[in-house]
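Just so you know, all these numbers are worked out from the coordinates, no wet-lab data involved. Note that the structure is a prediction, hence the values are computed from the model and not measured. Cβ sites come from the backbone with ideal geometry, for glycine too, and all protein chains shown count toward neighbours.
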Amino acid sequence: MSELVTKSAADLVALMESGEVSSREVVDAHLARIEEVDGHARPDGDLTESDVHAFLALTAEQARRHADDVDQRRATGHPLGPLAGVPLALKDVITMRGAPTTVGSRMLQGWEPPYDATVTTRLRAADIVVLGKTNMDEFAMGSSTENSAYGNTRNPWDLGRVPGGSSGGSAAAVAGLMAPLAIGTDTGGSIRQPAAVCGVVGAKPTYGAVSRYGLVAFASSLDQAGPFARTVEDAALLQAAIHGHDPLDSTSITQELPDLFADLRAGVDGLRIGVVTELQGDGYELGVEAAFRDSLARYEAMGAVISEVSLPHAPFGLPAYYLIAPSECSSNLARFDGVRYGNRVDAPTAEEMNAATRAAGFGPEVKRRIMIGTHALSSGYYDAYYLQASKVRRLIADDFVAAFDQVDVVVSPTSPTVAFPFGSKTADPIAMYLNDVATVPASLAGVPAISVPNGRDDAGLPVGLQIMAPLLRDDLMYRVAWALEQDLGLSPIPTGGNAVAVPQGV
Amino acid sequence: MLARLSLTDGEIDRLAPQLSQILAYAEQVSEVAADDVEPMTHPFPLRNVMREDQPRPSLPRDLLLSQAPEVQDDRFAVPRIVAEEG
């Protein structure tokens, strides 16, 4: 039943509801696929150049038990949720009891969280079966997953290239047919950019729509969990399973989002789509630009009204983000002090122990951001850095409000480049940060944004289109993405000379 | 000091120019933000969120302590905090 791993979540549910396959068979097929192509179980040094290494830990036994339980309840006519029995890969930044949560860091190696994140609780309530925890840039800081303390994840479309980041493991698990669904988190683009370069759908919901309880914090005013899938419908189904108010998160919004499915298939006829002037041109690869132009032409042919709109302060989004996010991170990561959880390096005094523990536990990018953030918040520099950045954030949010007076959604390429080779940007932090140039404006404003595959470059590597909608209009974001997906009819299955092996007959 | 990170000389040599480069890049924010712009720290205006003042069980002590690097007498143990008199 190897073709099961190519099916969408919605198709798998239909097969399970008609009794053609069981959840156990679906879960076993995906576990077999992971065993074949992922190499997760081998220690870092033994990973080969053909191992994707999307997973840091598997929860195979729990997954099989959960699947059997779903099958039993389905057999007895028990009511089940719309994604019951479907397997999922969970980013290792979200806590789940019974498995380690490392956040891609040595700091938390071996830590088993004593509680479930609200996202985990909701997945379980929906009877979505968690297969394991996925690799990521340490503490979600990075755009290539090369900052993981546990080795690289390879892009299923070209095993010599990065899967993007920070949710690179989740994106690669879905692209590599190891799970039809995954959860990622997005602070400045960490769902959308890996989705784009791995050729899958990835959405950052409206800030506050998905609870942050149990999500190990990086930048609290920006962090948002969201779905990865190979179809837009699957992504919307997964978001619907996890979003909603949570009293355990004080920033969880109380407003209800519109039904994500009421107009999902309504098309774009008559919708006004704005092309962001500042998020195109210089710095965007030719293949990315060509796919973008093709998508705009398709939308126009489907009846949408295309116009240019300006987000005049968008070019200042990246510098503002790289002050705000490190500032919040320097505060949030103060908790890793070697006292209550995680690892400790012994030293004669508590202060020396804190400093030695953090020196050994954090990698270079985390150290850079802690130092930048500490500096930006320190007295004497606060006004010049953090305060100025917070003002730019206001200007960008106001730009979106003005844009959404003229158009229904705005679009841009998700990432200026396709997946890049390992090591090509690790020596230059700014070059790595530029991957997020198109994604940070929506993060700063809190508006929902999605990346949907919109073509391939000349080398056959995936490209993504970003659709940004007004606050709380996640439904509109999915609707516009769905229309393009249907019009393009791209296969999500990796192809190319250096792609991961796909099941025979597919 | 504030960051509680001890760095090796090699790390300082590598990080110092990188941090200068990142800060120089980030300083662009001062070009646009006028005095009359209200800073924004959050996508939605924040307010205090209160919950019902009702007791509920907390996580078991043993479970929490089981993840600590060092425990003594049902407490988190740390090295001495105050330096000895010289």
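List of remarks:
- Estimated FRET transfer efficiency (B:ARG56, A:GLU112; beta-carbon r; R0 30 Å; 0.05): 0.85
- Exposed GluC sites (Glu not before Pro) absent: longest stretch of chain B, with sites in DSSP loops and at most 15 other Cβ within 10 Å deemed exposed: B:1-51
- Spacing of the two label points (7 Å from each Cα toward its C-beta) at A:ALA75 and A:GLU61, in nm: 2.3
- The range A:133-172 and the range A:447-502 have Cα centres lying 19 Å from one another.
- Positive-pole candidate from B:TYR25, B:ALA68, B:PRO57, dipole of the range B:4-86, charges at beta carbon: B:PRO57
- For the range A:344-456, the square roots a ≥ b ≥ c of the C-alpha gyration tensor eigenvalues yield an a/c of 1.5 or more together with a/b not exceeding b/c, which makes the shape oblate.
- The phi torsions of the range A:137-142, fed into the Karplus equation with coefficients 6.51, -1.76 and 1.60 and a -60° offset, translate into couplings of 4, 3, 6, 6, 9, x Hz, rounded to whole numbers, with Gly and Pro shown as x.
- Applying the criteria of a DSSP loop state and at most 10 other Cβ atoms within 10 Å to the GluC sites (Glu not before Pro) of the range A:26-130 yields A:GLU49.
- Paramagnetic label zone (point 7 Å from Cα along Cα-to-C-beta, B:ASP35; backbone N under 18 Å) in the range A:389-423: A:389, A:391-392
- Each Lys or Arg adds one and each Asp or Glu takes one away; over the other residues whose Cβ falls under 12 Å from the Cβ of B:ALA3, this sums to +4.
- Under the convention that each Lys and Arg Cβ holds +1 and each Asp and Glu Cβ holds -1, the size of the dipole of chain B around its Cα centre is about 440 debye.
- Size of charge dipole - the range A:370-422 - debye, nearest 20, with Cβ of Lys, Arg +1 and Asp, Glu -1, no other charges: 220
- Amide hydrogen neighbours beyond the local backbone of A:THR134, cut-off 5 Å, H modeled: A:LEU56, A:LEU90, A:LYS91, A:ASP92
- Loop sites in the range A:225-289: trypsin sites (Lys or Arg not before Pro), DSSP, at most 13 other Cβ within 10 Å: A:ARG265
- Shape class for chain A, computed from the alpha carbon gyration tensor (a ≥ b ≥ c): rounded, with a/c under 1.5.
- Rounded, prolate or oblate (a/c below 1.5 giving rounded, otherwise prolate when a/b exceeds b/c) for the range A:124-266 by Cα gyration tensor: oblate
- Residues with amide H under 5 Å from that of A:VAL52, placed H, sequence gap 5 or more: A:ASP38
- The phi torsions of the range B:64-73, fed into the Karplus equation with coefficients 6.51, -1.76 and 1.60 and a -60° offset, translate into couplings of 5, 5, 5, 9, 7, x, 8, 10, 9, 6 Hz, rounded to whole numbers, with Gly and Pro shown as x.
- Given +1 at the Cβ of Lys and Arg, -1 at the Cβ of Asp and Glu and no other charges, the dipole of the protein assembly as shown around its Cα centre is 700 debye to the nearest 20.
- Electrostatic tally near A:ALA9: other residues with Cβ closer than 14 Å to its Cβ, Lys and Arg +1, Asp and Glu -1, net -3.
- Percentage relative contact order, the range A:263-346, counting C-alpha pairs under 8 Å, at least six apart: 35
- Loop-located trypsin sites (Lys or Arg not before Pro) in chain B (DSSP state not H, G, I, E or B) with no more than 10 neighbouring Cβ atoms inside 10 Å: B:ARG47, B:ARG51.
- Subtracting the Cα-Cα distance of A:ALA347 and A:ARG272 from their residue separation scaled by 0.36 nm leaves 20.8 nm.
- Counting other Cβ atoms within 10 Å as a rough exposure proxy, the listed residues A:ASP51, A:ASP158, A:ASP346 run A:ASP346, A:ASP51, A:ASP158 from fewest neighbours to most.
- Efficiency of FRET from Cβ geometry, B:GLU11 and A:ALA384, R₀ 22 Å, rounded to 0.05: 0.30
- Each part reduced to its alpha carbon centroid, the range A:10-30 and the range A:275-326 end up 39 Å apart.
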